[in-house]
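What follows is a short report on a single structure.
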Amino acid sequence: MSYQRTLVVLKPDTVRRGLAGRIIARLEDAGLDILKMAVHSPASRELISRHYRSTEAWLTGVGNKTIKSYQNVGKSVAELIRDFGSEEPAEIGKVVKERLIRFMTGGPLIAMVIGGNQAIKKVRSLAGYTIPAEAGPGTIRGDFSGDSPDLATAEDRSVENLIHASGNTEEADYEIGLWFGDAG
Ligand code: ADP
């Protein structure tokens with residue numbers, strides 16, 4: 001069975017910038033189905049902290065992406081430590097998570113269950129890489145944002161990258177259950 005369901009969240013920057021319709025159109029154009037939709041105005045802190053699970057793997061992954069993006073723009077380790085209080089990926093991940101919670105609870109967002117053939121991978125490739133400045137043209141993040149961790153950190157905020165999409169089937173099951181209940 002290649003029909004899959006995945007959780008998509010149109011983050012507060014999408015709603016604030018009036019981009020929800022255009023982003024949803026991209027999903028529809030790609031042949032994906034909207035199975036459920038809910039507006040949270042805003043989402044609770046509890047929901048967002050359960051959504052971004054602070055597992056070692058998640059914290060380290062987010063930290064490593066941040067480290068790499070700092071290297072890509074020529075920032076030093078000293079600047080990384082100044083901005084995150086540490087050069088350890090998991091410690092950096094904890095700082096990012098706090099900013100992320102503030103961002104994700106700071107305004108209305110739209111959660112959706114999206115279905116389709118190989119939907120998990122499909123939506124991730126439509127979304128593009130986490131850091132919009134490095135995301136390819138033609139992707140949602142690449143076309144609608146140019147944000148990066150160094151810019152975001154200078155303004156004490158999260159990277160604003162418009163869309164969340166589940167990364168794999170385990171994440172999709174967990175996230176759909178969390179946002180829409182077990183019958184989601
Ligand atoms: P993805 O959303 O592509 O699966 P991650 O799970 O690694 O990416 O990161 C979760 C979210 O944390 C990102 O979508 C982004 O909004 C935010 N984020 C990641 N790294 C940073 C950072 N260094 N500074 C601020 N926010 C970040």
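The values are calculated or read from the model by the stated rules, or taken from the named source; none is laboratory data. Everything quoted here is computed from the prediction, not taken from an experiment. Methodologically, a virtual Cβ is constructed for each residue, glycine included, from the backbone with ideal geometry; neighbour enumeration extends over all protein chains shown. Surface accessibility is based on the protein's heavy atoms, side chains included, excluding ligands, DNA and RNA. Shrake-Rupley method; radii C 1.70, N 1.55, O 1.52, S 1.80 Å.
Checking the condition over 15 Å from the mean Cα position of the chain (by Cα) and within 14 Å of the ligand (Cβ to nearest atom), which residue from Glu171, Glu91 passes?
Only one candidate qualifies: Glu91.
Taking the criterion of being out of contact with any helix residue (DSSP H, G or I) (no Cβ under 8 Å at 6 or more places or on another chain) and farther than 20 Å from Gly142 by Cβ, would at least one residue in the stretch 12-24 satisfy it?
The answer is no; no qualifying residue exists.
If we scan the stretch 156-167, do we find a residue that is assigned to a helix (DSSP H, G or I) and under 14 Å from the mean Cα position of the chain (by Cα)?
no
Kindly provide the set of residues from the stretch 126-168 that are within 26 Å of Ile67 (Cβ to Cβ), hydrophobic (A, V, I, L, M, F, W, C), open to solvent by 20 Å² or more (accessible area, probe 1.4 Å) and within 13 Å of the ligand (Cβ to nearest atom), ordered by number.
Scanning the stretch 126-168 gives Ala133, Leu151, Ala154, Val159.
In the stretch 169-184, what residues are assigned to a loop (DSSP other than H, G, I, E, B) and open to solvent by 50 Å² or more (accessible area, probe 1.4 Å)?
Asp182, Ala183, listed by residue number.
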